[in-house]
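Each remark here refers to the structure printed beneath this line.
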Amino acid sequence: MTDKKKKKEKIPRQSMPEQDPKVRAKNFDEVPLGYTEEQAVLEAKRCIQCKKPTCIAGCPVDVDIPGFIKLIAEEDFIGAAYKLKETNALPAVCGRVCPQEDQCEKVCILGKKGDPVAIGRLERFAADYERESGNIVIPEVAPPTGKKVAMVGAGPAGLTIAGDLVKLGHDVTVFEALHKAGGVLIYGIPEFRLPKSIVDAEVDYLKKLGVKIVVNAAIGRVKTVDELFEEGFDAVFLGVGAGAPVFMNIPGENFSGVYSANEYLTRSNLMKAYRFPEYDTPIVRGKNVAVIGGGNVAMDSARTALRLGAENSYIIYRRTEVEMPARIEEVHHAQEEGVQFKLLTNPIEYMGDENDWVTEMKCLRMELGEPDESGRRRPVPIKDSEFVMDVDTVVVAIGAMANPLVASTTPGLEMNRWGYIVAKDETGETSRKGIYAGGDIVTGSATVILAMGAGRKAAWAIDEYLRFKEQGTR
Amino acid sequence: MNKITEKGYLSENVVRMVVEAPDVARKRKAGQFVVLMTGEKGERIPLTIVDSDEEKGTITIIFQVVGKTTTLLADMSEGESLFTVLGPLGQPTEMKNFGTAVCVGGGVGIGVAYPVIKALAEAGNKVIPIIGARTKDILILENEIRSISNELIVATDDGSYGVHGFVTNVLQNLIDSGEQIDIVFAIGPVPMMKFLCEVTKPYGIKTIVSLNPIMVDATGMCGACRVSVGGETKFACVDGPEFDGHKVDFGLLMSRLKTYNDQEKTAMEDYRCKCNDG
């Protein structure tokens, strides 16, 4: 091994400054503060620039990771952002919300002996640097192909594919049911984890590339997918997400004060209820808030509850911390801020007052039994372990399911028994010619980056379809 | 942005507004609604599409001024634009020739009942509309409904106009008179719908109600609008807003409608203060 290599490994993984937990638990400002230029360069220099990089294969959208990191090490920060944007339309988002520890950083060669390169933090740094500099590079777009493509849903999948296809010269329109583009990035992920100004900036970048975004258009209602074809669209991509809440169907779940995580987070994030009455949408500011579930959405809800003034914010989860689907970082952040974890606990009933307001929650204690189909040990109730907790707000964050609005109005579109659209893994092709699908509406609830990965694959497939179609009509 | 092309008061605090929304106008059917926002910081509120003009590309909405959002909306003028109009949402009214259909509208609910009455008449039903209000001055759309049905019955609680009494009494009398009723549509305040369902239940007359729970996205995403129908949880925004009234848990609906009463008061006071300061 050369001396040079040894030297590089000596730089420790740069930690990212964060807001103090006590302070941040009372505000909605972003928790991690980002690298300084010096930190970014130091961290970038840790990358040993593998000849055969394993990290790229760990990225669903194939970001040239050593490439952009090299540019940061050379202090060409704008160049690094440009490199990122060659393959990733939303780098400032991905740098914040991707589970890098399970993807690129997991396979980073440095991770075998020590800490992997902080790829996510570097991605965030480069994207933020470019945005804050105001020097946004708009890449060249291919000459118009004359083909029109519609994206249904302006979430991570739809925005990614829109960026890809517009660069290839296609005429791209994104239809969004809500009044703002971004999907889960806007309504789901809280400000303190992903500032909305960043999502707006990334959407703005797509508009500058030529993507048309039509908000307040609920496809399936105002227009069907078939009507989009009649209007002249040559292909349609469905990236509508798994936007329907799941409840447990236990007694008392319809009392006032009981929310789906979708509603709780939509009120706070999209409608900015945390700034009520400056914004008109209200939200219940509970003192004792129980969030049911152990995923990222549950962590987001519990941390939101703290910021809305909860004295006690609980995570109620039926397994243990090991089985929690949330990112370790999110669990850690929640614990630091004072979220209380009630593990091996499952609610079975909500009790209410004379106004049908939730006041108490009856729970069972659980233990772990044999592994179930997910490979995780199945939680089993402990006999006679019932107990009651005082709660005035409950947020049910146990997952989401397919929203049937689009699929049910598109004849011939094959769905599986849970209502998810059946689409080919590699291309996003559905049972209907010219209709592609990807993201949560195909896979069920997953991550932002997996939806973007699906968008990317479908983009190539749609491009090929459109070009083939052109030849066919000659 | 959706321009307001007409605005006027139907009574002291009930407003009729015509708004540009060509795609909605083209597609909407009786029973459906829109969600609108007055401004970027506004709430999303659902309002029934009362009528539409496909040629002009407009829809008509009617609303009562009750809280901050409806106050803001009522303060907007012709030529100004709403921030958003999303629609048409919800399931259209199940429409066919039922035979004799009674359509009861109470208060501002008369506006919601109007498109249903119109569609029932167009589908060949014998339609008997019953419209009621507390007093004559706040009765709306009488002429419009009379023009599409010759059997209109009007009632006022105080007897200032039409039959003296509640619409429930009128419906009971109609049943007692031997009128063969195939279906009842009950649209208005929750207690009114509840009592109308109690009137029809012993006779087994199918009764459809139109529910107005709190909504946020109104596309089935959030579950704010959940109602209990026959013991099952339904989302009024995508499964409704119309349901079999004999199966609806009206008590729960009323409770859930009060969830934000305190905040609504705060919002209104805050708004009034700012107006006075200005």
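Just so you know, all these numbers are worked out from the coordinates, no wet-lab data involved. The shown structure was predicted, so the numbers you read here are calculated from the model rather than taken from an experiment. Here the Cβ is made from the backbone with ideal geometry for all residues, glycine too, and neighbour counts use every protein chain on show.
Taking the Cα centre of chain A as origin and assigning +1 to Lys and Arg Cβ atoms and -1 to Asp and Glu Cβ atoms, the resulting dipole is close to 1360 debye.
Quotient of the Cα radius of gyration of chain B and 2.2 N^0.38 Å, N being its number of residues: 0.98.
The equivalent ellipsoid that matches the C-alpha gyration tensor of the stretch B:137-203 spans semi-axes of 20, 15, 12 angstrom, in descending order. Here B:H246, A:H333, B:H164 are placed in order of increasing Cβ neighbour count within 10 Å, fewest first, which gives B:H164, B:H246, A:H333. Distance between the modelled labels on A:Q19 and A:S408, one decimal in nanometres: 4.0 nm (7 Å Cα→Cβ projection). Label separation (B:C275 vs B:Q180): 5.3 nm, computed from points 7 Å beyond Cα along the C-beta direction. May I ask which of A:K167/A:K433; A:K167/A:K208; A:K10/A:K112; A:K433/A:K457; A:K85/A:K433; A:K424/A:K457 have a Cα-Cα span longer than 20 Å here? The pairs that break the limit, which is 20 Å between Cα atoms, are A:K167/A:K433; A:K85/A:K433. Compactness check for the protein assembly as shown: Cα Rg over 2.2 N^0.38 Å is 1.03.
Of the trypsin sites (Lys or Arg not before Pro) in the stretch A:314-393, the ones in a loop by DSSP (not H, G, I, E or B) with at most 16 other beta carbons within 10 Å are A:R376, A:K383. Contact order, relative form, for chain B: 16 percent (alpha carbon pairs under 8 Å, 6 or more residues apart, mean separation divided by residue count). Estimated from helices alone, the mean residue ellipticity of the protein assembly as shown at 222 nm is -9500 deg cm²/dmol (sum of -39500 (n - 2.57) over DSSP H runs with n ≥ 4, per residue). Between the amide H of A:E367 and those of A:V380, A:I382, distances stay under 5 Å, these residues lying 5 or more places away or on another chain, with hydrogens modeled in the peptide plane. Report the one residue of A:A80, A:G153, A:V97 whose Cα lies farthest in the direction of the positive end of the charge dipole of the stretch A:77-159 (charges on C-beta: Lys and Arg +1, Asp and Glu -1; origin at the Cα centre). Towards the positive end, the residue furthest out is A:G153. Put in line by how crowded their Cβ is, counting other Cβ atoms within 10 Å and starting with the fewest, A:T393, A:T160 read A:T393, A:T160. Scalar couplings 3J(HN,Hα) for the stretch A:289-294, obtained by applying the Karplus form with A = 6.51, B = -1.76, C = 1.60 to θ = phi - 60°, are 10, 10, 9, 9, x, x Hz; x denotes Gly and Pro. If you keep only loop residues by DSSP, which chymotrypsin sites (Phe, Trp or Tyr not before Pro) in the stretch A:253-353 have at most 14 other Cβ atoms within 10 Å of their Cβ? Qualifying residues, ordered by number: none.
With N the number of residues in the stretch A:339-379, Rg(Cα) / (2.2 N^0.38 Å) evaluates to 1.60. Can you work out D for the stretch B:200-270 in µm² s⁻¹ from Stokes-Einstein, where Rh is the Kirkwood radius over C-alpha pairs, the temperature is 37 °C and the viscosity is 0.692 mPa s? Approximately 248 µm²/s, per Stokes-Einstein.
Largest first, the extents of the alpha carbon coordinates of the stretch A:1-133 on the three principal axes equal 49, 30, 27 Å.
Convex hull volume per residue, computed on the Cα atoms of the stretch A:190-229, equals 95 Å³. Three principal axis extents describe the C-alpha atoms of the stretch A:70-125; from largest down they are 31, 24, 16 Å. For the stretch A:368-432, GluC sites (Glu not before Pro) meeting the loop criterion (DSSP other than H, G, I, E, B) and having at most 16 other Cβ atoms within 10 Å: A:E373, A:E386, A:E414, A:E426. Rounded to the nearest 10 degrees, the inclination of helix B:190-200 to the longest alpha-carbon principal axis of chain B is 10 degrees. Coupling constants for the stretch A:210-221 follow from the phi torsions by the Karplus curve (6.51 cos²θ - 1.76 cosθ + 1.60, θ = phi - 60°), and in residue order they are x, 6, 8, 10, 10, 8, 6, 10, 8, 5, x, 10 Hz; glycine and proline get x. Dipole magnitude for the stretch A:15-107: computed about the Cα centre from +1 point charges on Lys and Arg Cβ and -1 point charges on Asp and Glu Cβ, it is near 220 debye. From the largest down, the stretch B:156-278 spans 59, 41, 20 angstrom on the principal axes of its Cα atoms.
The HN-Hα couplings worked out from phi for the stretch B:31-48 by the Karplus form 6.51 cos²θ - 1.76 cosθ + 1.60 (θ = phi - 60°) are x, 8, 9, 10, 10, 10, 10, 7, x, 4, 8, x, 8, 9, 10, x, 9, 5 Hz, whole numbers, x standing for Gly and Pro. Within straight cross-link reach of B:K29, meaning Cα distance under 14 Å, which aspartates and glutamates are found once same-chain residues fewer than 8 apart are removed? Within the straight-line cut-off, B:K29 pairs with B:D51, B:D53, B:E54, B:E94, B:E122, B:E242. Given R0 = 30 Å, the distance between the Cβ atoms of A:M248 and A:W418 translates into a calculated FRET efficiency of 0.95. With the simple model of a label 7 Å out from the Cα in the direction of the Cβ, A:D204 to A:S374 spans 3.9 nm. Computed over the alpha carbons of the stretch A:77-209, Rg followed by Dmax gives 15.7, 52 Å.
Sorted fewest first by neighbouring Cβ atoms within 10 angstrom, B:M76, B:M215 come out as B:M76, B:M215. When all alpha carbon pairs of the stretch A:344-474 are counted in 10 Å bins from zero, the resulting P(r) reads 11, 24, 23, 21, 14, 5, 3, 0 %. The H on the amide N of B:I208, modeled in the peptide plane, is under 5 Å from the matching H of B:V184, B:F185, B:A186, B:G245, each at least 5 residues off or on a different chain.
For the stretch B:131-256, the number of Lys pairs with C-alpha atoms closer than 21 Å, counting only pairs eight or more positions apart or on separate chains, is 7. If one puts a single equal scatterer on every Cα of the stretch A:195-309 and applies the Debye formula without solvent, what log₁₀ I(q)/I(0) results at q = 0.11, 0.13 Å⁻¹? The Cα Debye sum returns log10 ratios of -0.56, -0.74. Within the shell of other residues whose beta carbon sits under 15 angstrom from the beta carbon of A:P404, the net charge comes to -1, with Lys and Arg scored +1 and Asp and Glu -1.
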